[in-house]
Amino acid sequence: MNRFWDKTWPALALLAAVLVLWEAGARMLASPNVPPFSVVMQALATNSGVIAPQILQTLRRALIALALAIITMVPLGILIGRIRWLGDLLEPIIDLLRPLPPPAIAPLVMLFAGTGDVAKITVIFYTASFPILINAIDGIRGTHPLLHTVSRSLRLNRAEALWNIDLPATLPVIMTGIRLAVAAALLVSVTAEMLLSTDGIGVYLLRSQETFRIADGLAGICVIAVVGWMVNAAFLEIDRHLLHWHHATTSE
Amino acid sequence: MTTAPILTVDHIGKALGGDARKAPTQIIGDLSFDAEPGEFISVVGPSGCGKTTLLMCLAGLLKVDTGSVVFESNALQAPPPGIGVVFQDYSRSLLPWRRNVANVVFGMKRLQGVSEADKQARARELLQHVGLRGFEDFYPWQVSGGMQQRVAIARALAAQSRLLLLDEPLAAVDAQTRADVQDLLLSLAAEYKQTCVLVTHDVEEALYLSNRVVVLSQRPTRVLRNITVDLPNPRDQLRTRSHPEFLRLREEVLTLIKSLPKAH
Amino acid sequence: MHRLRVATSILGLVAVWQLIVLLKWVPDTYFPSPLATLQALWAGLLSGELSKALAQTASRALVGCIAATVVGIGLALLTARYRRLRQAFDPVAEFLRPLPPAALVPMAIFFLGLGWKLHGFILMFACLWPVYLNASSALKAVASVQLRTADSFGYGGWDRVLRVQLPAALPEIFIGIRIAASIALIATVVTEMLAGRDGLGFVLNEAAMTLRIPDMFAALLLTMLSGLVLNAVVLAVRRRAVGWHVGMTASNRG
Ligand SMILES: Nc1ncnc2c1ncn2[C@@H]1O[C@H](COP(=O)(O)OP(=O)(O)O)[C@@H](O)[C@H]1O
Ligand SMILES: [Mg+2]
């Protein structure tokens, strides 16, 4: 407990200092453009009924897109990693598309899918696909050669070897990709809402701006920060549980 | 010898690790010995008994819990000028972004009033001295393990330290290189009148190199026996190793170590 | 051989694209042929609309990435030197990193207007955390042998941070810089789309809204190229800065 406290107090002190400075500074400025922290918290309380369903919309779409990306990209990555000609064919295209900022495809998607759920999920799906796909390819290619020898000596056929040996061995790398994808999906789902506005927390932010409700907008940002941090932390935890054997062997 | 010791290790104890749930492990029990100027001392002990920990304490890199380490009549608090260290993990203790010369220059931080050009020149000289002519401008990872070890030794010498601590410097090199570097160490020690404390688990190496061998027990380690090695100098790989006194001491130390209960 | 394969697969992609247009699988008002896209690209570059937008977007992303790199590494050096500072700052950085830069745009407009200040703030916010967090953890992870080496030869305080920790951590710091470079382009384009008056993001949106679809495709193509170039720039800088590491990993493998 003491050690925990010793490590934690500097962060808490910094947080407290920032909040106090914000509060005091804003009160001194007394400008409607700079609401103090306490006012933002009040706005959060009064708007929570509006914000909650919006952020749930955002999370729902992010989760659907993520699930789609995992279901499609893990197998695709394994195929690309294992079948040579497929890799030769598709990898240059992946490398070409990767540097394209995912939100830039939003206007294109809008032409075909409008601004509804499908359009937004498409943009998020596109974003989340790359880290998963690339990690799956690298992971399956990077399995230790010794494991191949093992699976051959056990006389496993290709499918058995894939399921029993390659996939578990690749899992840590794939999980890293999924974690990156989670972070990216959260980032881009808010962005997509702002570009293809119908609903979601991104739209809430836009509306707050259009109606000059700054404290409400800042409250929304606080919610996004907290939710984003929680989701990332949750996935880290899942990762730790799923891969305890991996962490146990790598951290000596 | 009646001179004052350059290094006094006085009843030191050291525990490592441990956290909120686990008590720390006592690594060094109650350990004392001295080193006179110009001596070559080897510390032998079974693997894992705490030799590296001891050497880190002697270097001032770890603080002792009890007792004291006195170097040139000052109790160590931090790494003092005047002590050079060759680490067990020498290949990683060389800085991979610096060429061999620059790694040796790295050791000269505490030299006062020496220009950068002089440092360069001296580093090249040292490298040639340890047998690395032609490899001065290679990166450490471009040369063999034995050569890396020589760079590390040159770097420690470059600091002009009065006490050189070496942690199993030859554990990871092949037999021929080991013999070469042993003789290099002997000639350097003689030439610079260098006081050395070398840690090893190889009893023959300890006897071959030293004036004195300190035998350690297993964890928590303490001194089992302090043996003076009275062998003719200069040493010679063939003659020294077949000298009757060498064989007698070898048997004495090995018997002593064998009598230890197996480490848990 | 590798080049040949890359060329083949890209040609294949263009061929599929052309085929889709020829077979009219999708309405060609929404999906121009490769040739039409190239024509729009050429015209846009000549007229200055696209070339100006490209210059604006690329320079914003580049400057933002450089600024965030300098600030991020500077901060990381400070927190590597002072443990308490790191304990205070790392959780804050972890907390702010998942916050989408786009979410800040509407509110930031109030404070910063629509000009370079807005772009600067959003870019710094987007790129700082990956650089900082990577650098901070890399500086922390420097091998203890190297730290002890530094200590034993008398390198303490800033000497140790700058002469041992920084060079040792640099290869890994570049991972953060590469991430920051790609995020810089994303943040630039998003800001331009949401609050811009110029740049590729703005052109992209504008062309889509006015149904000048070939122009939109041309802008998309240029954005992609900027990303490729930006990545290549970072890799080139990395080769110069940590050439030793490239050599070492190659020699370990070979
Ligand atoms: N930080 C630590 N916490 C707990 N035990 C440690 C720690 N560092 C080393 N040890 C233990 O101390 C013992 C001595 O280590 P070391 O000095 O490296 O031995 P040697 O160099 O003789 O092989 C080893 O058994 C090792 O497991
Ligand atoms: Mg050891």
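Give the residue, chosen from C:Thr79, C:Thr29, that is exposed (fewer than 14 other Cβ atoms within 10 Å of the Cβ), out of contact with any His (no Cβ under 6 Å at 6 or more places or on another chain) and not charged (D, E, K, R). Working first, answer last.
Numbers: C:Thr79 fails: exposed (fewer than 14 other Cβ atoms within 10 Å of the Cβ).
Only one candidate passes the filter, namely C:Thr29.
When you scan the stretch A:89-134, how many residues do you find that are of a type in the set (Lys, Arg) and open to solvent by 20 Å² or more (accessible area, probe 1.4 Å)? Step through it out loud before you land on a result.
Step one: of the stretch A:89-134, the residues of a type in the set (Lys, Arg) are A:98, A:120.
Add one more test, that the residue is open to solvent by 20 Å² or more (accessible area, probe 1.4 Å), and what stays is A:98.
Number satisfying all stated conditions: 1.
For the stretch B:58-93, taking the residues that are open to solvent by 40 Å² or more (accessible area, probe 1.4 Å) and within 13 Å of ligand 2 (Cβ to nearest atom), the one that is nearest to B:Cys196 (Cα to Cα) is identified as B:Gln88. When A:Ser48, A:Ser38 are checked against the criterion of being polar (S, T, N, Q), more than 10 Å from chain C (Cβ to nearest Cβ) and surrounded by 14 or more Cβ atoms within 10 Å (Cβ to Cβ), A:Ser38 stands alone in meeting it. Scoring C:Leu19 on the criteria (1) among the hydrophobic types (A, V, I, L, M, F, W, C); (2) in contact with a helix residue (DSSP H, G or I) (Cβ under 9 Å, 6 or more places away or on another chain); (3) in a helix (DSSP H, G or I) leaves a single failure, condition (2). Within the stretch B:31-60, residues that are without any contact (Cβ under 8 Å) to a residue 60 or more places away in the chain reach partners that are assigned to a loop (DSSP other than H, G, I, E, B) and within 16 Å of ligand 1 (Cβ to nearest atom) with beta carbons closer than 6 Å, at six or more positions or on different chains, in the pairs B:Met56/B:Leu62; B:Cys57/B:Val64. The set of residues in the stretch B:13-48 being farther than 25 Å from B:Asn211 by Cβ, more than 9 Å from ligand 1 (Cβ to nearest atom), of a type in the set (A, V, I, L, M) and more than 14 Å from every other protein chain (Cβ to nearest Cβ) consists of B:Ala23 alone.
Out of everything in the stretch B:147-165 that is within 16 Å of ligand 2 (Cβ to nearest atom) and within 12 Å of another protein chain (Cβ to nearest Cβ), what residue ends up being farthest from B:Val105 (Cα to Cα)? Step through it out loud before you land on a result.
Of the residues in the stretch B:147-165, the ones within 16 Å of ligand 2 (Cβ to nearest atom) are B:149, B:152, B:165.
With within 12 Å of another protein chain (Cβ to nearest Cβ) added as a condition, the list becomes B:152, B:165.
Details: B:Ala152: 11, B:Leu165: 19 Å.
The residue in question is B:Leu165.
Condition check ((1) modelled with pLDDT of 90 or more; (2) over 24 Å from A:Cys222 (Cβ atoms)) across all residues:
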{"site": "C:Leu62", "(1), (2)": "yes, yes"}
{"site": "C:Gly74", "(1), (2)": "yes, yes"}
{"site": "C:Tyr82", "(1), (2)": "yes, yes"}
{"site": "C:Leu112", "(1), (2)": "no, no"}
{"site": "C:Leu118", "(1), (2)": "yes, no"}
{"site": "C:Leu128", "(1), (2)": "yes, no"}
{"site": "C:Leu133", "(1), (2)": "yes, no"}
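Looking at A:Val190, A:Val231, A:Val226 in this structure, which one is surrounded by fewer than 16 Cβ atoms within 10 Å (Cβ to Cβ), at pLDDT 85 or above and facing chain C (nearest Cβ under 9 Å)?
Numbers: A:Val190 fails: surrounded by fewer than 16 Cβ atoms within 10 Å (Cβ to Cβ); A:Val231 fails: surrounded by fewer than 16 Cβ atoms within 10 Å (Cβ to Cβ).
From the options A:Val190, A:Val231, A:Val226, the qualifying one is A:Val226.
Take the conditions in contact with a Lys or Arg (Cβ under 8 Å, 6 or more places away or on another chain), modelled with pLDDT of 90 or more, closer than 30 Å to C:Val233 by Cα and open to solvent by less than 30 Å² (accessible area, probe 1.4 Å) and apply them to A:Ile137. Does it pass? Considered against the rule, which asks whether it is in contact with a Lys or Arg (Cβ under 8 Å, 6 or more places away or on another chain), modelled with pLDDT of 90 or more, closer than 30 Å to C:Val233 by Cα and open to solvent by less than 30 Å² (accessible area, probe 1.4 Å), A:Ile137 comes out as no.
Among the residues in the stretch A:17-28, are any out of contact with any Cys (no Cβ under 7 Å at 6 or more places or on another chain), outside the structural domain of A:Arg158 (by TED's automatic domain parsing) and buried (at least 18 other Cβ atoms within 10 Å of the Cβ)? So far as the stretch A:17-28 goes, yes, one or more of its residues are out of contact with any Cys (no Cβ under 7 Å at 6 or more places or on another chain), outside the structural domain of A:Arg158 (by TED's automatic domain parsing) and buried (at least 18 other Cβ atoms within 10 Å of the Cβ). Screening B:Lys119 against (1) assigned to a loop (DSSP other than H, G, I, E, B); (2) over 16 Å from the mean Cα position of the chain (by Cα) leaves a single unmet condition, (1). Here the condition is being under 20 Å from C:Val70 (Cβ atoms), within 10 Å of another protein chain (Cβ to nearest Cβ) and crowded, with 22+ Cβ neighbours inside 10 Å; of C:Ala150, C:Ala184, C:Ala102, it holds for C:Ala184 alone.
May I ask you to verify whether B:Leu55 is within 14 Å of another protein chain (Cβ to nearest Cβ), within 16 Å of ligand 2 (Cβ to nearest atom) and open to solvent by less than 20 Å² (accessible area, probe 1.4 Å)? Considered against the rule, which asks whether it is within 14 Å of another protein chain (Cβ to nearest Cβ), within 16 Å of ligand 2 (Cβ to nearest atom) and open to solvent by less than 20 Å² (accessible area, probe 1.4 Å), B:Leu55 comes out as yes.
Residue-level check: of (1) away from ligand 2 (no atom under 16 Å from the Cβ); (2) open to solvent by less than 40 Å² (accessible area, probe 1.4 Å); (3) under 15 Å from the mean Cα position of the chain (by Cα), B:Gly38 misses just (2). Candidates in the stretch B:101-116 are the residues that are facing chain C (nearest Cβ under 8 Å) and buried (at least 21 other Cβ atoms within 10 Å of the Cβ); of these, the one that is farthest from the chain's Cα centre (by Cα) is B:Phe106. Within the stretch B:49-83, if we keep just the residues that are outside any loop (DSSP other than H, G, I, E, B) and out of contact with any strand residue (DSSP E or B) (no Cβ under 8 Å at 6 or more places or on another chain), the residue that is nearest to ligand 1 (Cβ to nearest atom) turns out to be B:Met56.
Name the strands (runs of 3 or more DSSP E) wholly within the stretch B:152-237 that hold at least 2 residues that are surrounded by 21 or more Cβ atoms within 10 Å (Cβ to Cβ) and within 16 Å of ligand 1 (Cβ to nearest atom)? It would help to see each step written out before you state the result.
Details: elements: B:163-167, B:195-200, B:212-216, B:223-228.
Qualifying strands (runs of 3 or more DSSP E): B:163-167, B:195-200, B:212-216.
Is it the case that the stretch A:38-50 has a residue that's β-branched (Val, Ile, Thr) and within 30 Å of A:Leu180 (Cα to Cα)? Checking the stretch A:38-50: at least one residue is β-branched (Val, Ile, Thr) and within 30 Å of A:Leu180 (Cα to Cα). Inclusion of B:Ile27 among residues that are assigned to a strand (DSSP E or B), within 13 Å of ligand 2 (Cβ to nearest atom) and of a type in the set (A, V, I, L, M, F, W, C) is warranted. Filtered by the rule that a residue be under 21 Å from B:Lys14 (Cα atoms) and of a type in the set (Lys, Arg), the stretch B:213-261 gives B:Arg219, B:Arg222, B:Arg225.
When you go through B:Arg133, B:Arg98 one by one, which is the residue that is over 20 Å from the mean Cα position of the chain (by Cα) and either open to solvent by 50 Å² or more (accessible area, probe 1.4 Å) or under 22 Å from B:Asp183 (Cβ atoms) (or both)? Before you say what the answer is, go through the steps one by one.
Values: B:Arg98 fails: either open to solvent by 50 Å² or more (accessible area, probe 1.4 Å) or under 22 Å from B:Asp183 (Cβ atoms) (or both).
On inspection, the qualifying residue turns out to be B:Arg133.
For the residues C:Ala250, C:Ala218, C:Ala232, C:Ala236, the requirement of being assigned to a helix (DSSP H, G or I), farther than 21 Å from C:Ile10 by Cβ, at pLDDT 90 or above and small (Gly, Ala, Ser) singles out C:Ala236. Checking C:Leu225 against (1) within 10 Å of another protein chain (Cβ to nearest Cβ); (2) buried (at least 24 other Cβ atoms within 10 Å of the Cβ); (3) within 13 Å of C:Ala58 (Cα to Cα), which test does it fail? Failing condition for C:Leu225: (2).
Evaluate the following for C:Arg163: is it assigned to a helix (DSSP H, G or I), more than 10 Å from every other protein chain (Cβ to nearest Cβ) and closer than 30 Å to C:Ser144 by Cβ? Walk me through it before giving the result.
On the way: assigned to a helix (DSSP H, G or I): yes; more than 10 Å from every other protein chain (Cβ to nearest Cβ): no; closer than 30 Å to C:Ser144 by Cβ: yes.
It is false that C:Arg163 is assigned to a helix (DSSP H, G or I), more than 10 Å from every other protein chain (Cβ to nearest Cβ) and closer than 30 Å to C:Ser144 by Cβ.
Evaluating B:Val197 against the criteria (1) more than 14 Å from chain C (Cβ to nearest Cβ); (2) in contact (Cβ under 8 Å) with a residue 60 or more places away in the chain; (3) within 16 Å of ligand 2 (Cβ to nearest atom); (4) not basic (Lys, Arg) leaves one unmet condition, (1).
The values are calculated or read from the model by the stated rules, or taken from the named source; none is laboratory data. From a predicted model like this one, the values you see are computed outputs, not experimental measurements. For neighbour counting, all protein chains shown are included, and Cβ atoms are generated from backbone atoms with ideal geometry for every residue, glycine included. Remember, those area values only see protein heavy atoms, side chains included, never the ligands or the DNA or RNA. Shrake-Rupley method; radii C 1.70, N 1.55, O 1.52, S 1.80 Å.
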